[in-house]
Amino acid sequence: MSPAIEAFVRWVDGGRDFAQIRVAASGGGHELRHVADAGLAPAELREVGLEGLRGVARHAANGAFRPLKGAPNLAGGWRFRAATADDLELALGHLYPGGLADWFAVEQGMARPTAFRDFAARQTGIYAAVGKLDDATVGDVVRAGCDGRYCLKRRLWAAAGLAEDGVDKGALPCLEPCAVLLEFARRASRLAVEPQRQIALADGEMGSVMTALEIAASMPAPAAVREGDLSDPANPRRFQLLLGKLRRQLAPVASPDAR
Ligand code: SF4
């Protein structure tokens, strides 16, 4: 048994939620199921093996591919019985790759999160541009991309003066920007260099635009929108990113007399 899974089993004790799964001690081993299925009888759930869990992790309930394993769109309706700690470790590896190791590093006080700027500085090729984003845009990207509506991982790395996520975000840590966030940052860098339009709107009209964006950002993406396709203007992260930009532009600028 690895030290990480040994510590995890101790932490779980009788039962715990880990992102979207409920892990419960059961019959000398553990049972895993979706947190939303916590109150269901075992017979109401489809029993899956390790290979089945791989499929659960790969596709959302609507069949869409899940590029971001921390996304809150894990399908329910299944249960997995881990007879041994090794089975439990393999199951966690399928559902949240790397999650156990990162959790253990945090538990041990050994986690070394990579700040956004350090991560961006290592990028080459088409991703080198993310290193040139200004702090305000980095803040918008991280607030939008790592929002709990899109990812359940608890961000522990620093970005543009943003505080790390609190413990209320859950037990699954994020120790460095992921590929989806990197692509989102690249998309933001491309938007930043596109020609910018000047549009005249009355305050009331702008209020309607902001409200519409807030509603759109809070709703599930249309089925046709692929989660990882950040070039799609209908991706809800794009709405959230735009909201951040508009809020910054609309924020009252303090006059020299007021300082
Ligand atoms: S970088 Fe953000 S979106 Fe990606 S896994 Fe971490 S918290 Fe989630």
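Run the dipole for the stretch 3-107 about the Cα centre, Lys and Arg Cβ at +1, Asp and Glu Cβ at -1, nothing else charged, and hand back the magnitude in debye, nearest 20.
360 debye
How many nm is it between the label spots at Glu47 and Ala136, if each spot is 7 Å from the Cα in line with the beta carbon?
5.9 nm
All other residues with a Cβ under 15 Å from the Cβ of Pro72 taken together, and with Lys, Arg as +1 and Asp, Glu as -1, what is their net charge?
Value of the local net charge: +3.
Using alpha carbons only, what's the Rg to Rh ratio of the stretch 116-250 with Rh from Kirkwood?
My calculation puts Rg/Rh at 0.96.
Label-point separation (nm) for Glu164 and Met210, each offset 7 Å from Cα along Cα-to-Cβ?
3.2 nm
Kindly give the semi-axes, whole Å and largest first, of the ellipsoid equivalent to the chain, taking each as the square root of 5 times a Cα gyration tensor eigenvalue.
Over the Cα atoms of the chain, the semi-axes work out to 38, 21, 17 Å.
Among Ala171, Leu246, Ala192, whose Cα lies farthest out toward the positive end of the dipole of the stretch 158-251, if unit charges sit on the beta carbon of Lys, Arg (+1) and Asp, Glu (-1)?
Ala192
Where the only charges are on Cβ atoms (+1 Lys, Arg; -1 Asp, Glu), what is the dipole of the chain about its Cα centre, to the nearest 20 debye?
The calculation lands at about 520 debye.
Could you calculate the contour length gain from Asp229 to Trp11, that is, 0.36 nm times the residue separation minus the distance between their Cα atoms, to one decimal place in nm?
Gain in length upon complete extension: 74.8 nm.
With springs only between Cα atoms under 10 Å apart, run a GNM on the chain and tell me which of Leu201, Leu90, Leu191 wobbles the most.
Of Leu201, Leu90, Leu191, the most mobile in the Gaussian network model is Leu201.
What trypsin sites (Lys or Arg not before Pro) in the stretch 112-213 are in a loop by DSSP, with at most 16 other Cβ atoms within 10 Å of the Cβ?
Arg122, Arg149, Arg197
For the pairs Lys69/Lys169; Lys132/Lys169; Lys132/Lys245, note any where the Cα-Cα span goes beyond 19 Å.
With Cα atoms farther than 19 Å apart: Lys132/Lys169.
Among Pro220, Pro236, Cys146, whose Cα lies farthest out toward the positive end of the dipole of the chain, if unit charges sit on the beta carbon of Lys, Arg (+1) and Asp, Glu (-1)?
Towards the positive end, the residue furthest out is Pro236.
Stokes-Einstein D for the stretch 71-194 at 25 °C, 0.890 mPa s, Kirkwood Rh over Cα pairs, in µm²/s?
Stokes-Einstein gives a translational diffusion coefficient of 154 µm²/s.
I need the semi-axes of the equivalent ellipsoid of the stretch 61-132: take the C-alpha gyration tensor, multiply each eigenvalue by 5, square-root it, list largest first in whole angstrom.
Semi-axis lengths for the stretch 61-132 are 30, 20, 9 Å.
What's the long-distance tail for the stretch 3-107, i.e. % of Cα pairs beyond 24 Å?
Looking at the stretch 3-107, the distances longer than 24 Å represent 16 percent of pairs.
Rg to Rh for the stretch 96-141: what is it, with Cα atoms only and Rh by Kirkwood?
1.11
If r is the Cβ-Cβ distance from Ala115 to Ala251 and R0 is 25 Å, what FRET efficiency results, to the nearest 0.05?
For R0 = 25 Å, the calculated efficiency reads 0.50.
Where the centroid of each part is defined by its Cα atoms, how far is the stretch 111-132 from the stretch 163-242 in Å?
20 Å
Bear in mind these aren't lab numbers, they're just calculated from the coordinates by the rules spelled out. Everything numeric in this text was worked out from a predicted model, so none of it was measured. Note that we place each Cβ from the backbone using ideal geometry, even for glycine, and neighbour counts take in every protein chain shown.
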